[in-house]
Amino acid sequence: MQDKLQEVVRKLLAEGAVEYFIGYCQSSQPHRAVPCFVSDESEVEKLVWGPLCGQNLSKYVLRANELEGKVGILLKGCDTRAIVELIKQHQIERDKIVAIGVPCQGQVDGRKLEKALGVSLEQVTNVEDAGDGFLVTVGEETKKVPKEEVLLDKCFRCKHPYAFPYDVTLGEVVPFTIEADVGEYAAVEELEALPIEERRAFWRKQFERCIRCNACREACYACYCKECLFDRKMPRWLAAPPLLSENEMYHLIRAVHLAGRCIDCGECQRVCPVNIPLGSLYRKIQKDVAELFDYEAGMEMDTVPPLVNFELDDQDPFL
Amino acid sequence: MDRKKISKSDLGQWLDKIAEEYELIGPAEEDEVVQFRPVKSSSELTLDYANSLLPPKSLFFPPVEELFSYQKRGEEIKLEQTKPLEKDRVVVGIRKCDVESLLLLDKVFCEDLVDAAYKERRDRTALIGLACPTPPRAACFCTSFDIDPLSPEGTDILLRDVGEAYLVDVATEKGQELVGLAGKLFSKLTKKEAEELQPPPVDMPKMDLSELGEKLEGMWEDPLWDKLSLPCLGCGICTYVCPTCHCFDIADVGSTSDGVRYRCWDSCMYKDFALMTSGVNPRATKAERARNRYFHKFSTFPSRYGTGYACVGCGRCLVHCPGGVEITEVMQEILAKEGAGE
Amino acid sequence: MVSSSDSLGNGFEPKILVFACNWCSYAGADLAGVSRLQMPPNCRVVRVMCSARVRPEFVITALSKGLDGVLVLGCHPGDCHYSEGNYFTRRRGLLLRKLLEYVGIEPERFQVRWVSASEGAKFAETVERVTEQIRALGPNRPRSEVLPTEPGDK
Amino acid sequence: MSNNIYLPSLATVKEVRPETPDTSTFVVTFDDPTLRESFTYRPGQFAELSIFGVGECPIGIASSPTWKGFLEFCVRAVGTVSNAIHDLEVGDKVGVRGPLGNSWPYEEIRGKDLLFIGGGIGLPPLRSLIRYVLDKRDDYGAVEIVYGARSPADLVYKNELKEWDERPDVDFHVTVDVGDETWDGPVGFVPPFLKQINPSPKNKVAFTCGPPIMIKLVVQALEEMGYADADIVTTLEMKMKCGVGKCGRCNIGDKYICRDGPVFSFEQLRKIPGALEV
C-alpha cells in the first residue's frame, strides 16, 4: 500500500498536478507517524501508511487557498467528512484538492496502546496491522495486541466508507468493521447517567486542568474562522488567564460552535496535552444534533446544516 | 559536597518529615497526567516517572498568578498585593534539565529589573533533584547541551537511584538542613560503597551543537521557516511545555471597580501575540513566529543574557507537538546548512 | 441592588439575565410594568431586536462568569417580526439546554419562553417562577469563584 | 518604582486638553506626595498607564523632566485602554508604572545642532526632548523642528507650535498631508518636505518619530542628505505588555524594545535582524 502511495504521489508531482502532497511520515519517535509535506519527488519515499496514521490531516488543505495550484492529500474514509464540511461551508473548493483514498483497517490510539502494553509508548519500535490485531514490537519482542483494545474510539464507529468520491484510490475503500460491543455514544451515555451534581464536578475538574494552549481549536478542522471569538480584542470575550470560568466558557462555546460540524475525528482529544476527554463533550453535541434534527455532519454535500435550518414542527418545550 | 545514602524504604519517612515543616511539592499523577503539585504526604508522589507534563517552572512562574487586586470605592482606589508564598517550600523529584532551565529563567526574572515574586519563590524553595532513569526517554537530548543528568549543580540535594537505595549528594547548607530533619535515616558510605555504588550512566545520542548558533544567525532569510510553518498548527503547546519559555500576558479580570490583575503564560506562537493596536503585526505568519522562537532559543537569548542555548533538551515539545514538529530535527537541519553563518 | 449571600439558600437572591425580543416580549414586559404587576427584582432585562440575536455564547458567558440564570424571551413561533427568527432560537435553545445539563448546569438556569406583547401577566409570571426555581437551586457557582461585577459584591 | 515591578502607582488626572479630534493630553500627578517630588525620568521614556478593569498601555511621557510635580501624556484613542483613558475626567484616578525604557541620548548630544522630525502623534515623545533642550538652551546648538500631520486638525500642541514658530532660537517648519480653508502653510508629506528644507548634516543629530512608513522614508531622505547612521535616532514600535523586558512581545533580535528601546540609532538598528522590516 505504501509503495502504491509513493508511486501515485510521485506521478502527481511529476505531472505538476499538485504543488505539494500532504501525507504521513515516520517521526524520529518510532511509535508515531506525523504530518509530512512533500513537494519534491526526492522526498516521496518518506511517505508512510500504517496503523499509526490516525491523525486527520484535513485542516492542512486550507493552506491551498493561498496557492495557485492544488494540494494532494491522503484521506482516510473518516477524514473525507471534514473535507465535505469544508467544501459545504465554502472554505475550500473541491478542485483545489487531489484526494487520495486509502483502505483503512483501523488506527491505533497511543494512549490505549500504552495502557495495554504497560510500558511507555516510547519503547514501541514498530506497529503493524495483522488483521484482527496489531503486531507491536517493544525492544526485541513482538506481540499481537487485539484491535478492540487499542483502536481509536472513532474506528469503532466506522460505518461510512467515504463521503465524496476520491480522485485516486489505493485499493477498494470499504468501511472498517469490528465485532465489539461498543455503543454508538457509550462514553456520553455513561456521563448522562450520572446525577447532575456529579456531572458538574466531573467537568469542572476537567476544565480546571485546561492550560488553554488552544491546541484543540487549532487542530480542529472546523475552527477555520479568520478571527476566533476568543481572540477578539474589542470587545474581549475571553480573559487571557486560564481561570476555571474562562476555561469553561472556552470549551462550552467551542462545543456549540461545533454543533452540526463535528465529525468525530478525535483530533481535539488526541492533541490535548492534559488529557481532557473532549471527545465526550463534542460527541454529546453530535448525539443531540442527530436526535433532535436528524443530521450527521460531513455525510452529504447538499444537506442544510442544522442550525441554519428549521422545521415548523421542531420540538417546542418553550410554550 | 557531602555524599550519603538513604534506603528507598526510608525515603518516604524523610519526605514526610520535610512535609511537616515545609510545603512539599513533587510529581504526582492524576488522570494519567504527571504534574508537580503540593502534596500532604509522600505517598501521593510518583517518583517513578519520566518527566512531568508541564515543567516545574510553573512552581516559580505559575501559569496564572495574581499580581494584585484592585478595589474602587468612590474616588479611592485600593491596590492590594498578593503574597507569593505562605510557607517555605521543598520540591522533590526535579530533573536536571528542569533545574538548568531555572538557572536560565533566573537570568530573565532575577537580573536587571527583578521580578520580586519569582525571586521570592526561588529563594524560599529548596530543590531535591532526582537523577534520570536509565534508559532516559527517547525524546531526551540534554547531553547535547552539555548538561550532565547526574550532576547536583543547581539543586540543594541530588538523589541518585542505585537499586535498593538512593545516593544522596548534599550540595548546599540548605540541603544539610533538610537531611538533618531526619539525620538517622541517612548513612555514610563505606569506602567500598563509595567506590562501587554508581548509578548507571545515562546514555542518549549527543549532537555537536557548537556551530548551531552561528549557522542560525545566517539563516534569517531561509526556506526552513516556511517549511516549518506547514505542519505547525499555531497552538501554544511547545511554549507551554517548554521549561525555558517565559512569555506572558498581563490582564485585568473584573469590573472597573473590583477585580484582579493577573499575569498568565502566553505564547509567541499565537498569531496575535505581537499584534499592535494599529493593526500591524510584525510576526503575522507562522514562519515568522517559528523563526522568532528558534532564534530566541539559539541566538538572541544567549546573546542577551550571556548564557548557552536556551533549550535544555527535555524533549517535551517534540513529544507533545500535535503537528509533529521536532526541535531536534530543526536543529539538525540548521546544522546541515552549508556555508550559512560564514 | 440585588445582593448575594454567602450561605447556601438562606437569603440567597439569584441574579438572572433576561433577553427580551423588542417586538413581543419587551413590549410584554412594558405591559406588565404599566399594569403594576408585582415582579421579583432579580432580573436584568436586555432588549434584543430578535430572540435569534441571542447567540449561545451570550448564555454560556453569563453562566460562566457567575450569573445564576439566563432567560430568553421571544415571540411565539409564527409571530416573529422577521418571520422566522424564533425558529432558529428554538433549535439553539433545544441544543444548548441539553449541553448545559450535560455539564451539570441545571436546566432551570437556562430557559426559553415565548411571551407576546399582550402577555404582560405571562411575563410577570414567568419571571417570578424562574426566579423562584433558581432561588431554590442556590448559587450557580461558589461565590468565591465569582468575580465581582458591582461594588459591594465582594 | 516599588519592589513589585508590575504594581502601578496611583495618580490623579489634573487636566485634560483636547489636541485633535481623537487625541488629548492628560496631565496627571502622583497621589503620593513623596513620589510626586522624587519621581524623575529622562526625555523619551514612557510609562504604562493603567485603567483598572481594562488594562495597561505604554504611553510616552510628553512632558520635560525639567518640569516637576506632574506628568503629561498625549494619548490617541485607538485601542481598549486608550479609549478608556479618553473616558477619564479631571479628578479621576489612573495607574502609572514607570518610568520605563531608555531615552533620547540627551546627554551625548550636548553642544550639537539638533533636528527633530515628527509625524502626527509622533511629536509628543520628541516634545519631551525639545522642551528639555529649550529649558537648557545654552547646552545645545541650533534647534530645527520639522513637523507634519494628516490635516491641520491633526496637529498636536497647536499653541506650542505657534510659540516655536515665533522663537528666534528655533527653526520651525510644519506641513500637512491635506490642507483645508484654514491652512495657508505648506502641503505635502514629511519626507519630501524635509528634502526641500535640506538641513545640513554638519555637527547635527536628527531625531525622528512618527508612523513607521514616515520613519522609513525620513531615514532614506536623511541618508541621501549625508547623515551618518549613528546620527539618525528614532524609535521602534512593537507591541508591549510588561514594559520591563520580560514578557517577550516586543522582542526583536536580542533586544526588548520596552527595556533596551524604544530609542535606537539607525546604526544600532542595522545590526538587529528584522528591525528594519518592522
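Bear in mind these aren't lab numbers, they're just calculated from the coordinates by the rules spelled out. This structure is a prediction, so every number in the text was calculated from the model and none was measured. Here the Cβ is made from the backbone with ideal geometry for all residues, glycine too, and neighbour counts use every protein chain on show.
Taking a point 7 Å from the Cα of A:SER28 along the Cα-to-Cβ direction, the residues of region B:305-326 with backbone N closer than 18 Å to it are B:309-326.
How big is the convex hull of the Cα atoms of chain B, per residue, in Å³?
Numbers: hull volume 57.4 nm³, N = 342.
Spelled out: Cα convex hull of chain B, divided by residues, is 168 Å³.
Of interest is the spacing of the C-alpha centroids, which for region D:219-275 and region B:1-60 amounts to 46 Å. Length gained on full extension, B:ASP88 to B:ARG37, computed as 0.36 nm times the residue gap minus the Cα-Cα distance: 16.9 nm. With a Förster radius of 56 Å applied to the C-beta separation of D:GLN196 and B:ASP146, the computed FRET efficiency comes to 0.40.
Along each principal axis, taking the top coordinate minus the bottom one, the Cα set of region B:189-342 gives 69, 49, 32 Å in descending order. Listed values for region B:182-196 are Karplus-derived 3J(HN,Hα) couplings in whole Hz (6.51 cos²θ - 1.76 cosθ + 1.60, θ = phi - 60°), namely 8, x, 4, 6, 9, 10, 6, 7, 6, 4, 5, 4, 4, 7, 9, and x replaces Gly and Pro. Isolated cysteines in chain C, defined as those with no second cysteine Cβ under 4.7 Å, comprise C:CYS21, C:CYS43, C:CYS50, C:CYS80. Couplings 3J(HN,Hα) for region D:59-64, derived from phi with the Karplus relation 6.51 cos²θ - 1.76 cosθ + 1.60 (θ = phi - 60°), are 9, x, 7, 9, 7, 9 Hz, where x marks Gly and Pro.
Rounded, prolate or oblate: which one fits region D:189-232, using the alpha carbon gyration tensor with axes a ≥ b ≥ c (rounded when a/c is under 1.5, else prolate when a/b beats b/c, else oblate)? Verdict is oblate for region D:189-232.
The angle between the Cα long axis of helix D:212-224 and the main principal axis of chain D comes to about 40°, on a 0 to 90 degree scale. Inter-part distance, region A:248-319 to region A:102-177, computed on C-alpha centroids, equals 26 Å.
Within region D:9-100, the percentage of alpha carbon pairs spaced more than 23 angstrom apart rounds to 13%. From its DSSP helices (H runs of at least four residues, each -39,500 (n - 2.57)), the protein assembly as shown gives a residue-normalised ellipticity at 222 nm of -8500 deg cm²/dmol. The mean number of partner chain beta-carbon atoms within 10 angstrom of a residue's beta-carbon across peptide C:84-94 is 5. Of all beta bridges that DSSP places with both ends in chain C, some 5 percent have antiparallel geometry. Taking a point 7 Å out from the Cα of B:GLU120 in the direction of its Cβ, the residues of region D:1-34 whose backbone N falls within less than 20 Å of it are D:1-10. Comparing mean-square fluctuations of C:GLY104, C:GLY93, C:GLY69 from a GNM of chain C with C-alpha springs under 10 Å, the top value falls on C:GLY104.
Judged by the ratio a/c of the largest to the smallest principal axis of the C-alpha gyration tensor, region D:113-235 counts as oblate, that ratio being 1.5 or greater while a/b is no larger than b/c.
What the phi angles of region B:56-69 give under the Karplus curve with 6.51, -1.76 and 1.60, with θ = phi - 60°, is a coupling list of x, 4, 4, 7, 10, 10, x, x, 8, 9, 7, 7, 5, 10 Hz, glycine and proline written as x.
Using R0 = 35 Å, the C-beta based FRET efficiency linking A:GLN315 and A:GLU179 works out to 0.45.
Legend: mean number of C-beta atoms from other chains within 10 angstrom of residue C-beta atoms, peptide A:245-258, equals 6. Under 1.5 on a/c is rounded, so check that first for the protein assembly as shown, then, if it is not, pick prolate when a/b is larger than b/c and oblate when it is not; a ≥ b ≥ c are the square roots of the alpha carbon gyration tensor eigenvalues. Here the protein assembly as shown falls in the rounded category. Restricting attention to chain A, close to 70% of DSSP beta bridges with both partner residues there are antiparallel.
Starting from the Cα of A:THR169, move 7 Å in the Cα-to-Cβ direction to define the label point; list residues of region A:66-87 whose amide nitrogen is under 16 Å from there. Counting only backbone N, you get A:74-81.
A cut-off of 5 Å between modelled amide H atoms, ignoring neighbours fewer than 5 places along the same chain, links D:PHE207 with D:LEU115, D:PHE116, D:ILE117, D:VAL233. Packing, taken as the mean count of other beta carbons within 10 Å per residue, orders the peptides A:292-299, C:40-47, B:193-200 from highest to lowest as A:292-299, C:40-47, B:193-200.
At an R0 of 25 angstrom, the distance between the Cβ atoms of C:ARG47 and C:SER118 translates into a FRET efficiency of 0.90.
As a test of the definition: which semi-axes, in Å, follow for region C:16-142 when you take the square root of five times each eigenvalue of its alpha carbon gyration tensor? Largest first, please.
Details: eigenvalues 97, 68, 23 Å².
After diagonalising the Cα gyration tensor, the semi-axes are 22, 18, 11 Å.
For the peptides B:106-117, B:140-151, B:218-229, residues were scored by their other Cβ atoms within 10 Å and the scores averaged per peptide; the highest-first order is B:140-151, B:106-117, B:218-229.
Take every residue in peptide B:261-270, count the Cβ atoms of other chains within 10 Å of its Cβ, and give the average of those counts. Don't skip to the end; give the middle numbers.
Values: counts 10, 5, 7, 8, 6, 5, 4, 4, 3, 4.
That works out to 6 on average.
Put a plus charge on the Cβ of each Lys and Arg, a minus charge on the Cβ of each Asp and Glu, and nothing anywhere else: the dipole of the protein assembly as shown about its Cα centre is then about 1300 debye.
Beta bridges per DSSP, both residues in the protein assembly as shown: antiparallel share near 60 percent. Neighbours of B:LYS40, meaning other residues whose beta-carbon lies under 12 angstrom from its beta-carbon, give a summed charge of -3 when Lys and Arg score +1 and Asp and Glu score -1.
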